[in-house]
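In what follows, a structure is listed as structure tokens, so that the remarks can point back to it.
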Amino acid sequence: MPDPGPAGAHGAHESGGRRLTTNRAAVGHRVGYAVRHPERVPRHLVRAGRDAWLRMRHPDHVAYYRAVMRHDTSRGADAAVGSGTREGWLRLGAMQFDYLVSHGLRPGDRMLEIGCGNLRAGWRFIDYLETGNYYGIDISPDILIAAQDTLARQRLQHKLPRLTPVRDLRFAFLPEAHFRVVHAHSVFSHSPLHVIDECLAHVGRVLTPDGWFDFTFDRTEGTEHHVLREDFYYRTQTLVALAQAHGLRARFMDDWEALPHGQSKLRVTLAR
Ligand SMILES: C[S@@+](CC[C@H](N)C(=O)[O-])C[C@H]1O[C@@H](n2cnc3c(N)ncnc32)[C@H](O)[C@@H]1O
């Protein structure tokens, strides 16, 4: 993966070659990066300007990120979820789908996708699962409109998926012990710890006893840091401990590391 640099494009994690100890927020790294890639500096400055403006207008992270998505989606939904090309969009969706099917996702399962975006993987899950068994949520109404376009393009209207905007990750409107699979791809890589904490505090309630929750994250083995308010890097142990604090067990998915994707994956199950 090309180093995403000081303002790594959100979702730009589609190839391998991570540097797990780099602190992208450190001044030394930023200066060195600018010297090595002067052509990327103007783009970073534009992103930093947008970040400052949106942070001022939206101190709350979810409102901030919704505004980021509104801006990005207006320029193209595929790029807004991190795919620069249609081929890349298709490839990354297939990777998520194939992985979950190889881990036992069955057509009769009920699935919740957190941060479903424009259904890059979602349309494949909708196609595979029985009618009505897919539930996608996202904080961005704009990307959910784009998700409807994907659904129509793939001619999957008859599968009647739910696509719902949310303000938080408390799942208060969803039934208890309902979903066997919960999936969040490239969502916590854009989330501060309190958002992840909220999700882990509540996801156990909606999981079936044999269910699992897979999420990807940007892993660091050095200092935890973030780039603007868009890209967050965590140590595995931080997220494992957070899951444990909410009565969940988290397992690092080694087989995901072999895939050409820049993020790592944890699987959370009920501890009891
Ligand atoms: C990089 S995109 C990935 C979309 C989709 N998971 C995929 O792989 O194509 C991240 C998505 O997560 C959504 N998102 C970010 N923070 C969220 C949150 N706290 N709750 C729900 N959705 C969120 C964004 O609006 C965006 O659609």
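Read-outs throughout are calculated quantities, based only on the coordinates presented, and are distinct from any laboratory measurement. From a predicted model like this one, the values you see are computed outputs, not experimental measurements. Note that each Cβ is placed from the backbone with ideal geometry, even for glycine, and that neighbours are counted across all protein chains shown.
Laid out as a table, the results:
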| read-out | value |
| --- | --- |
| Potential extension, Val101-Leu20 segment - 0.36 nm per residue separation minus Cα distance | 26.3 nm |
| Karplus 3J(HN,Hα) series, Hz, for the range 102-113 with 6.51 cos²θ - 1.76 cosθ + 1.60 (x for Gly, Pro) | 5, 9, x, 4, 10, x, x, 5, 9, 10, 10, 10 |
| Potential extension, His202-Glu39 segment - 0.36 nm per residue separation minus Cα distance | 54.3 nm |
| Translational diffusion of the range 27-270, µm² s⁻¹ [Kirkwood Rh, Cα pairs; Stokes-Einstein; 10 °C; 1.306 mPa s] | 85 µm²/s |
| Alpha carbon centroid spacing (whole Å) that separates the range 107-144 from the range 209-272 | 21 Å |
| Most fluctuating residue given options Phe171, Phe213, Phe125, as computed from a GNM of the chain linking Cα atoms under 10 Å | Phe171 |
| Relative pair counts by distance (%), Cα atoms of the range 169-272, 10 Å bins | 15, 50, 29, 5 |
| Estimated [θ] at 222 nm from DSSP helical runs (n ≥ 4, -39500 (n - 2.57)) normalised by residues in the chain, nearest 500 | -12500 deg cm²/dmol |
| Charge dipole (debye, nearest 20) of the range 27-270; +1 at Cβ of Lys and Arg, -1 at Cβ of Asp and Glu | 480 debye |
| Candidates per trypsin sites (Lys or Arg not before Pro) in the range 130-209, loop by DSSP, up to 12 other Cβ within 10 Å | Arg155, Arg167 |
